[in-house]
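Engineer: Can you keep this structure in mind? I'll have questions shortly.
Read-outs: derived from the displayed coordinates by stated rules, not from any lab. Just so it is clear, the structure is predicted and the values come from calculations on it, not from any experiment. So basically every Cβ, Gly included, is an ideal-geometry build from the backbone, and we count neighbours across all protein chains shown.
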Amino acid sequence: MEPLAIAEKIKNQFPAEVIEVVESRGQVGVIVAREQIGAMCRWLKDEPELRMDHLLALCGVDYVAKNGTYEVVYNLCSIPLRHMIRLRARVPADDCRIDSVTCLWRGADWLERECFDLLGIVFDGHPDLRRILLPEGWEGYPLRKTYPLRLPAEQEWQGYVQLKELSRELSRFDFYSDMLSNQAKAGANEAKK
Amino acid sequence: MMGTEFRNLAVPVRDGESELFTVQMGPQHPATHGVLKLNLWMDGETVVRCDPDAGYLHRGFEKIAENKTYAQFLPLTDRLDYISAMANNVGYCVAVEALLRIEVPLRAQYIRTMVAEMARITGHLLWLATHALDIGAMTVFLYCFRERGLLLDLFEELSGARLTTTYTRIGGVRQDVTARAMEKLARFVEEFPSRIAEYETLIDTNRIWLKRTKGIGCVSAEQAVQLGFTGPSLRASGVDYDVRKHRPYCAYDKVQFEVPIGVNGDVYDRYRCRMEELRQSALIIRQCLEQLPPGAIVADNAPDLVMPLARPRQPMAGSSLATGYIELVPNNDVYPEGDVYVSIEGSKGELGFYFVSDGGGRPYRMHIRSPSYIHIGGLATVCEGVLVADVIAIIGSLDVVLGECDR
Amino acid sequence: MLIQPRPKRSLLETVLLFEILQGMALTLKRLFSKPVTRQYPDEKRQPFLGFRGKHALVRDPQTGESSCVACLRCATVCPSQCIYIRYHEEEGSGRRVVDRYDIEALRCIYCGYCAEVCPVNAIVLTESYEYSAYDRQTNYFDRGRLLNNWDAFVKESGHDPVAYVNPFWRPRGVDEATLAGPRRRKVPEEWTRAGQPVGRLCRSQDSEVLAEGVQR
């Protein structure tokens, strides 16, 4: 099915939810409100004409500077019918929550965890929402546009601070001369024997 | 000295699991193919629950990409799936070209198809080598590396590096293929099927191999789609999904090949699927060699490597980048606004790039859909109730690379 | 295409360990063939032309100095930002004079972008690949070291420093006519225009010339 026709179908089924339909490079993205995202995905998956059974990718995008929202982007594709559509669910920045779709796709589990980890979007109904790529105890969400590229020294993550101390300690150690002196010692020992 | 503060090792323990024996497999374990750590809860030798722990190799690629130009990020894609870097280069460039609306000349498309298939062969050979090594068949490793070495030599001749190739460019490829390299490749493709037969002689009907792989780690078709598996791991379960056929890119719609489909979805079927794919890849390369058209290797509207970031608000006479800060406005005719998701069939599965452009010279957001990440995510489900020795076989058969998983 | 199931082993094959013997026979056969491995430190491998190895600044045979014009293209394009350049403008002529040219080789990711964008063929990646060191300072190349790297490379490889130009170091995206004449090294005819294996000049307008070349 043509992507625009799919978008039209979604619009007919959920008239209150669809905010905008955007076309870009032959692909169609449907910007939707976050409230009915679970029902919408279930419908997309079960509707015999669409059968969007494969969740290609799930990620978050920070549009806070533009319109005060985050977007969770669902790229869906149908393996038997060979078409795809993109859902972009808007999540307001002051209330970063959206329903999880792990009950529909088990594979969404880690993708949602990653999205939570890097953008701080909370997925309601997710079985095990923890940090995944970043170490536990990390502060802040790096993929937000407000997150600086270089943190001030006092806000640096403790693990990194320790690592830097260790490397400073080890850099005083001169491997080459140590090796030479070891060789000299070994030579002296052999000479003794 | 600095162990436990680094990473909170405590994974939530569920009710009734406190009696179980826990094993932390990895992150420095040769059979986890990188720095993957598995927390296993075991009842005797049976795994009751498996909780994979990724992120040890996280380098923040998606954040880096937001601060580099499109061309500057290209060498970093080598470091995603570093055992078949060519395929990543191709995938990245195909996605950026879709975003920037660049039409790639036919010759470059054929060259890309060719190197992507070569990358698939190198990837699958390394997979077979290490997978067999994990299960206990040491000899296969040596045979696979012999052929992999030939291909890496070819990569070096084409691109100047064996692993981190950076061969493609936005709008084409770095340099044209030489006649000598093509001759070598033709000879390799001619010989390769007989080499595959050698590997098969070693393990295909070997009773130890069969015992270790048949009926282990079965994934049903429905389950595989649910978990988001792609590539040979999905096709072994009997689902016909191949990006090369579904959404053809490069020259895949101009060559003939078949997609091997498995039946049982166990470790053995995943192995068979990949072996058939090796043959198909050789077939594709041969067709590309035959059909390789003359012509340009870079698109006419391809951007320069030094990509302009955005237009200055007012063109200042005699100013240069070095003279100071210039106020910039979006450069919509070079980098049109919009978003695009493009995926290719890498050797591990579907490698997708989701780009959002805001008109600046850098991606506003780039998401990498890496197959390994999703496969490791599904490991918990597949490993439930298997023996601990089979966990190794299952990790091997899913073919994960942690560089791609953790990004 | 469904994968083909393997035929089942017969009883006789099972009893005689047939498939194990087959594997052993293959191993035995390999025993008498030439080894594919190389005894590395003794036997060195010649990398292919265009291998991206140790950095060097090409020593101009006339001036004995580097031909860098401080255009900063390499430092701008470098993905890992490991090139540091300081320059001042000569009074009167406005010509840029390079004060410092440093490359931190341990940060470099060997993408070869710097050599590719250089309009005067000053910075190159040579084919030398053995330069491990005991400390980090050794692999921090300043201008003198980079020029020495070039001398070492020329000496090691036996190339003629005046005539040698690697085709893979040719700049791209720059029309040859617009390049500063004296700074351009003379290259063989087959490396210019359409015959050039590298490059942006190999565009559609050149493809006809190339097609002729193929037919010939």
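Engineer: Segment B:273-289 to segment B:127-188: how many Å between their Cα centroids?
Structural biologist: One Cα centre to the other: 14 Å.
Engineer: Tell me, Kirkwood radius of chain A from alpha-carbon pair distances, in Å? Spell out each step's value before the answer.
Structural biologist: Details: mean 1/r = 0.0499 Å⁻¹.
Roughly 20.1 Å, rounded to one decimal.
Engineer: Now, a different point. Within chain A, how many Lys pairs sit with Cα atoms under 29 Å apart, leaving out pairs fewer than 8 places apart on the same chain? List each step's numbers first, then the result.
Structural biologist: Values: A:K9/A:K45; A:K9/A:K66; A:K11/A:K45; A:K11/A:K66; A:K66/A:K145; A:K145/A:K164; A:K185/A:K193.
Counting lysine pairs in chain A gives 7.
Engineer: Quick one: which residues, 5+ away or cross-chain, put their amide H under 5 Å from the amide H of C:H55? H built at 1.01 Å from N.
Structural biologist: Excluding prolines and chain starts, which carry no amide H, the hits are C:T126.
Engineer: Could you list which residues have their amide H under 5 Å from that of A:I79, counting only those 5 or more apart in sequence or on another chain, with H placed in the peptide plane?
Structural biologist: Correct list: A:D53, A:H54.
Engineer: Which lysines, on any chain, are close to C:K8 with Cα under 20 Å apart, when same-chain ones fewer than 8 places away are left out?
Structural biologist: Excluding near neighbours in sequence, the set is B:K211, B:K214.
Engineer: May I pose another question? Ordered by residue, what ³J(HN,Hα) values in Hz, to whole numbers, does segment C:91-99 give under the Karplus form 6.51 cos²θ - 1.76 cosθ + 1.60, where θ = phi - 60° and Gly and Pro are x?
Structural biologist: Computed from phi, the couplings for segment C:91-99 are 5, x, 6, x, 6, 7, 10, 7, 8 Hz.
Engineer: For the protein assembly as shown, what are the per-bin percents of Cα-Cα distances with bins 10 Å wide, up to the bin holding the maximum?
Structural biologist: Distribution as computed: 2, 12, 21, 24, 21, 13, 5, 1, 0, 0 percent.
Engineer: Straight-line reach only, C-alpha to C-alpha below 20 angstrom: list the lysines that B:K254 could link to, leaving out same-chain residues fewer than 8 apart.
Structural biologist: Output for B:K254: B:K245.
Engineer: Once whole DSSP H runs in chain B are found, which of them have Cα atoms spread over 30 Å or more along the helix axis and a mean Kyte-Doolittle score of at least 0.0? Intermediate results must be reported in sequence, preceding the final value.
Structural biologist: Values: long enough: B:106-135 (43 Å, 0.48); B:138-159 (31 Å, 0.62); B:179-203 (36 Å, -0.15); B:267-291 (36 Å, -0.68).
Sorted by number, the helices that extend far enough and score high enough are B:106-135, B:138-159.
Engineer: By the scheme Lys and Arg +1, Asp and Glu -1, what is the net charge of all other residues having a beta-carbon under 14 Å from that of C:S10? Please report the intermediate quantities before stating the final value.
Structural biologist: On the way: positive: B:R207, C:R6, C:K8, C:R9; negative: C:E13, C:E19.
So the environment of C:S10 carries a net charge of +2.
Engineer: Something else: Counting only helical runs of four or more DSSP H residues, what would the 222 nm mean residue ellipticity of chain A come to if each run contributes -39,500 (n - 2.57) and the total is spread over all its residues?
Structural biologist: After summing the helix terms and dividing by the residues of chain A, the value is -11000 deg cm²/dmol.
Engineer: Which whole-number percent gives the relative contact order of segment C:1-129, counting Cα pairs below 8 Å spaced six or more residues apart? Write out the running numbers ahead of the final one.
Structural biologist: Values: 135 pairs, mean separation 36.1, N = 129.
Computed value for segment C:1-129: 28 percent relative contact order.
Engineer: 222 nm [θ] for chain B, helices only, -39500 (n - 2.57) per DSSP H run of 4+, per residue, to 500?
Structural biologist: Details: 14 runs with 181 residues, N = 407.
So the helix-based figure for chain B works out to -14000 deg cm²/dmol.
Engineer: Using θ = phi - 60° and the Karplus form 6.51 cos²θ - 1.76 cosθ + 1.60, what ³J(HN,Hα) does each residue of segment A:47-53 get, whole Hz, x for Gly and Pro?
Structural biologist: 4, x, 7, 10, 6, 7, 8
Engineer: Sequence neighbours fewer than 8 away in the same chain don't count; with that in mind, list the lysines whose C-alpha is under 24 Å from C:K155.
Structural biologist: By straight Cα distance, C:K155 reaches C:K44, C:K54, C:K186.
Engineer: Would you order A:H54, B:H58 from fewest to most other beta-carbon atoms within 10 Å of each residue's own beta-carbon?
Structural biologist: Neighbour counts put them in this order, fewest first: B:H58, A:H54.
Engineer: Of the options A:N12, A:G125, A:G26, report the single residue whose Cα projects farthest towards the positive end of the charge dipole of segment A:3-147 (beta-carbon charges: Lys, Arg +1; Asp, Glu -1).
Structural biologist: Most positive-ward Cα: A:G26.
Engineer: Moving on to the next point. Rg and Dmax of segment C:55-150, Cα atoms, in Å?
Structural biologist: So, for segment C:55-150, Rg and Dmax equal 13.3, 46 Å respectively.
Engineer: Which angle from 0 to 90°, rounded to the nearest 10, does the C-alpha axis of helix A:108-119 make with the longest principal axis of chain A?
Structural biologist: 70
Engineer: Give me the angle, in degrees from 0 to 90, between the Cα long axis of helix A:158-171 and the longest principal axis of the Cα atoms of chain A, rounded to the nearest 10.
Structural biologist: It works out to around 30 degrees.
Engineer: Where does helix A:175-192 land angle-wise versus the long Cα axis of chain A, in degrees 0 to 90, nearest 10?
Structural biologist: 40
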